[in-house]
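No lab work stands behind these numbers, since they all come straight from the coordinates. Note that the coordinates shown come from a computational prediction; the quantities given were computed from them, not determined experimentally. Cβ: placed from backbone, ideal geometry, glycine included. Neighbour counts: every protein chain shown.
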Amino acid sequence: MLFKTHLAFAIFLLIPLLNFFSPANPVIFILIFLTAALLPDIDHPKSKLGRFVKPIGFLFEHRGFFHSGFALLLFTYLAYQYLSVTSAIAVFIGYASHIMADTFSHQGIMPLHPLSKFRIKGFMNTGGFLEVILLFALILADVYLIIKF
């Protein structure tokens, strides 16, 4: 999936979570959530985050470790250990949203990487027609949720 689709999907999940959790500092919660939602693509040298930390894109295969359940748990644990429970929740759901969205693409994800090469694949081409339709639907839903919020 593309950056903008991941962002739209993350916002779609974020708005109801703000109502549910009512974090003490919603701006920090939003920033942590959205950063976590984009973090798995840090292993892609051309991604928005990957351009800032180029060595990661060369050391790790795209949709490998950073798209696994192990990375999800690692970053959640780090947020819990060094930030707060609320931050850990934001990291977990934001990061998981990215991994879940990538299961819809043909490339899929390897949830148990590096222990297994088992891959969950979907039916959409990254940047293809179906993703554009999904993006449009997510943007409409996001606007609705923001207005309703």
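Couple of notes before you dig in:
- For the chain, the relative contact order comes to 29 percent (Cα pairs under 8 Å, sequence separation of at least 6).
- Taking trypsin sites (Lys or Arg not before Pro) as exposed when their DSSP state is a loop state and no more than 11 other Cβ atoms lie within 10 Å, the longest site-free interval of the chain runs over 47-116.
- Local net charge near H6, Cβ-Cβ under 9 Å (Lys/Arg +1, Asp/Glu -1): -1
- Descending semi-axes in Å of the chain, equivalent ellipsoid built from Cα gyration tensor: 24, 21, 13
- Cα-centred dipole magnitude for region 3-148, charges only on beta-carbon of K, R (+1) and D, E (-1), debye, nearest 20: 200 debye
- The count of lysine pairs in the chain whose Cα atoms are under 28 Å apart, excluding pairs fewer than 8 places apart on the same chain, comes to 13.
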